[in-house]
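The values are calculated or read from the model by the stated rules, or taken from the named source; none is laboratory data. Keep in mind that what you see is a predicted model, and the values were worked out from it rather than measured. Methodologically, a virtual Cβ is constructed for each residue, glycine included, from the backbone with ideal geometry; neighbour enumeration extends over all protein chains shown.
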Amino acid sequence: MADRQIVSIVWHSLRRTIDVRYDNGDVDQVIGPEAIAVVLAKDAGLRLVPAPEGTRHWVRAAEAD
């Protein structure tokens, strides 16, 4: 099985959940603080983009432009 690449991460402050979306369309949802989402996004090379209040959203740089 090929390695999946993370293409976006969304952190929801009210639920304290992190949605991790992969290039193959899969989505994992985990419970965790914003700090974990920040580390995941940084390690995946994602960039923070505008998001609705109460969320933080990171995407691949090419998708953010």
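May I ask you to verify whether S13 is over 10 Å from the mean Cα position of the chain (by Cα), modelled with pLDDT of 95 or more and small (G, A, S)? When the stated conditions are applied, S13 passes them.
Step by step: first the residues of region 1-42, then only those that are touching a Phe, Trp or Tyr at 6+ places or on another chain (Cβ under 7 Å) and farther than 16 Å from H57 by Cβ, then the one that is surrounded by the most Cβ atoms within 10 Å (Cβ to Cβ). Which residue is that?
The extreme case among them is R4.
Filtered by the rule that a residue be charged (D, E, K, R), surrounded by fewer than 17 Cβ atoms within 10 Å (Cβ to Cβ) and in contact (Cβ under 8 Å) with a residue 24 or more places away in the chain, region 43-58 gives no residues.
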